[in-house]
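Okay, structure first, notes after.
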Amino acid sequence: MAENKIICTTNDVEYLTIRKAMSRGGRSFDEIASMTGVCGECEGCRNELDWILSSVCGCLNVSLASVVEAVQNGADTMEKVGEVTGAGTDCGRCQILIENVIQLGR
């Protein structure tokens, strides 16, 4: 599980703020920047933002693409996504994001 820390050092945007924006449907850099204020240019953004945006479950290293693929292939519940990808089966902090992926299909 990732710890909460400042990712965007220019605008003091924390990891959990970015994850919450993803849980509200933000997927692209532009969407996350609009929702959170990340700059995309500071060292924290350059080093960590791509990884954050491409991952769902840090505990089991499950990518957003894997969860989206599972949903598009019929995994329509948290349990089914967990069976296919493992996401959401450890600490559970990613379950809100997984529910959003199920809801939006992306």
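The values are calculated or read from the model by the stated rules, or taken from the named source; none is laboratory data. No experiment lies behind these values; they were computed from the predicted model shown. Glycine gets a Cβ as well: all are built from the backbone with ideal geometry, and neighbour counts include every protein chain shown.
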Worksheet item: Filtering the stretch 68-98 down to residues that are assigned to a helix (DSSP H, G or I) and in contact (Cβ under 8 Å) with a residue 24 or more places away in the chain, which residue is farthest from Val56 (Cα to Cα)?
Response: Gln72
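Among the residues that make up the stretch 24-32, is at least one of them touching a residue at least 24 places away in the same chain (Cβ under 8 Å), of a type in the set (A, V, I, L, M, F, W, C) and loosely packed, with under 15 Cβ neighbours inside 10 Å? Steps first, answer last, please.
Kept after step one, since they are touching a residue at least 24 places away in the same chain (Cβ under 8 Å), are these residues of the stretch 24-32: 24-25, 27-29.
Within this subset, residues satisfying the condition of being of a type in the set (A, V, I, L, M, F, W, C) are 29.
With loosely packed, with under 15 Cβ neighbours inside 10 Å added as a condition, the list becomes 29.
There is at least one residue in the stretch 24-32 that is touching a residue at least 24 places away in the same chain (Cβ under 8 Å), of a type in the set (A, V, I, L, M, F, W, C) and loosely packed, with under 15 Cβ neighbours inside 10 Å.
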Discussion item. With the requirement that a residue be in contact with a Leu (Cβ under 8 Å, 6 or more places away or on another chain), assigned to a helix (DSSP H, G or I) and hydrophobic (A, V, I, L, M, F, W, C), what does the stretch 4-57 give you?
Written reply: Ile18, Met22, Phe29, Ile32, Leu53
Worksheet item: Is the stretch 37-55 home to any residue that is over 13 Å from Arg106 (Cα atoms), at pLDDT 95 or above and in contact with an Asp or Glu (Cβ under 8 Å, 6 or more places away or on another chain)?
Response: no
Response to the item:
Cβ pairs under 6 Å, 6+ apart or interchain, first in the stretch 46-61 and free of Cβ contacts under 8 Å to residues at least 12 places away in the same chain and of a type in the set (Gly, Ala, Ser), second buried (at least 18 other Cβ atoms within 10 Å of the Cβ) and part of a helix (DSSP H, G or I), ordered by first then second residue, are Ser54/Leu64
Practice prompt. Residue by residue through the stretch 33-57, note down the ones that are of a type outside the set (Val, Ile, Thr), within 29 Å of Gly86 (Cβ to Cβ) and surrounded by 13 or more Cβ atoms within 10 Å (Cβ to Cβ).
Written response: Met35, Gly44, Cys45, Glu48, Leu49, Leu53, Ser55, Cys57
